[in-house]
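This report refers to the structure that appears directly beneath it.
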């Protein structure tokens, strides 16, 4: 891994919030990895599909629409940038077997971003999927 590239990360986050899948993918190395709560998503095709399927692309078939990531705090470390974020969106597609509810979510996320040769190489994402499920299935 190499030193963090703050400008590349800022572009990545802006591309996610713009739902621009091509811009998102342009921030990654040729073989990126996302670790979501320990589950590995490896390679450009899988990383692209993860972003598209969750709702970071412009696809209507995604689990969530209107997805936004708002940075709350940024921490810098040797070799990584850690961001505490709030993830919001509306549940408009199937997510983890839960049919679309139209409900809004707002979930705390912590992501560790690591780089190689100035490009984003790995994201280690930590979020409470149980909390998302609760938000989607709770009774009013």
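The values are calculated or read from the model by the stated rules, or taken from the named source; none is laboratory data. Predicted, not measured: the structure shown is a model, and the values here were computed from it. Using ideal geometry, Cβ is built from the backbone for each residue, glycine included, and neighbour counts are taken over all protein chains shown.
Tabulated data for the structure shown
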| quantity | calculated |
| --- | --- |
| Residue in the stretch 88-99 that is within 23 Å of residue 19 (Cβ to Cβ) and exposed (fewer than 13 other Cβ atoms within 10 Å of the Cβ) present | yes |
| Checking residue 76 against (1) exposed (fewer than 14 other Cβ atoms within 10 Å of the Cβ); (2) under 23 Å from residue 30 (Cα atoms), the condition it does not meet | (2) |
| Candidates 31, 2 - the one that is touching a strand residue (DSSP E or B) at 6+ places or on another chain (Cβ under 8 Å), over 23 Å from residue 130 (Cα atoms), modelled with pLDDT of 95 or more and loosely packed, with under 13 Cβ neighbours inside 10 Å | 31 |
